[in-house]
Amino acid sequence: YEDETNLRGHILIDASSSMHYPEKGLSKLEFSVYAAACLINLMRRQRDAFGLSIVSEGIDFQSATKSTLAHQQLLFAEMELLLEHPTKGKGTRMVDSLHQLADTLHRRSMVVILSDLMDPTDRDEDWWNALQHLRFQKHEVMLFHVAEKTTEMEFQFPNRPHEFIDRETGEKIRLQPNEIKAEYLLRLQSFKEEFKAACLRYGIDWNEAYLDGHFDQVLMPFMVKRAGMI
């Protein structure tokens, strides 16, 4: 039965501390977990095999790839624990985790990555090498940039002094948002353009997933990609 599944999917969730933003309302981690649960449920209904990796400073959890109800329940339980026990000060080593995943997934899979892409310890070239490693191993890759639109993407804050805190290092900085908004948006746009260009170059699907949107931001691109692979 496992050998006759239509597709093998593996979902990777970034569980670093930056994913717990914002504290009020739906966080990036919660959005990613719910989106992953939707994808797993969809794959099981379509008799696809599915697996899950949860990563932060390394691979915290990695499952096998199966298509059974028991396996689905196991992964849902693991994601529930992730939401119930958030950790502070947890950094990101996404690049190392992608290389490790590429080495351990022995059969061609569709790899779905849900991350805010905040990995300050790595250069852009390290990201490209890690993603290219997955493609070199014949995996299809879908990258979802999970972000809060109003504050992270548009930098809309009241015009008064704010204290910004790095959730992974605890570093604090106090500043007036309007003084740096233009430079922030310029650098963000450059970052996104470089990432999208690299994804296009290596045949990786790039998608935006904003917290104020619906889960079809993830489901629809996945279904289109799946239809093209079957």
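Altogether, the Stokes-Einstein calculation at 37 °C and 0.692 mPa s, with the Kirkwood radius of region 92-174 over Cα pairs as Rh, returns a diffusion coefficient of 219 µm²/s. Globularity index of region 11-87 is 1.08 (Cα radius of gyration / 2.2 N^0.38 Å, N = number of residues).
Heavy-atom accessible area for Leu185, with the other protein chains in place and a 1.4 Å probe, reaches approximately 60 Å².
DSSP beta bridges confined to the chain are antiparallel in about 25 percent of cases. Only DSSP H runs of four or more residues enter the estimate; each adds -39500 (n - 2.57), and after division by the residues of the chain the mean residue ellipticity at 222 nm equals -14000 deg cm²/dmol. Ligands, DNA and RNA are left out, and with a 1.4 angstrom probe the accessible area of region 53-134 is 48 Å² per residue. Per-atom-type breakdown for the chain gives carbon and sulfur 51% of the accessible area (1.4 Å probe, protein chains only).
Remark: relative contact order (the chain) = 21 percent; criterion is Cα-Cα distance under 8 angstrom and separation of 6 or more residues. Extent along the principal axes, Cα only, for the chain: 60, 38, 29 Å, with the longest axis given first. Note on the chain: with charges restricted to the Cβ of Lys and Arg (+1) and Asp and Glu (-1), its dipole about the Cα centre is near 520 debye. Over region 1-135, the alpha carbon radius of gyration divided by the compact-protein estimate 2.2 N^0.38 Å works out to 1.04. The shape of region 140-230 can be summarised by an equivalent ellipsoid whose semi-axes, obtained from the alpha carbon gyration tensor, come to 32, 15, 12 Å from longest to shortest.
The values are calculated or read from the model by the stated rules, or taken from the named source; none is laboratory data. What you see is a predicted model; the values in this text were computed from it and never measured. All Cβ positions, glycine included, derive from the backbone under ideal geometry; neighbour counts span all protein chains shown. To get the accessible areas, we keep the full protein, side chains included, count just its heavy atoms, and leave off ligands, DNA and RNA. Shrake-Rupley method; radii C 1.70, N 1.55, O 1.52, S 1.80 Å.
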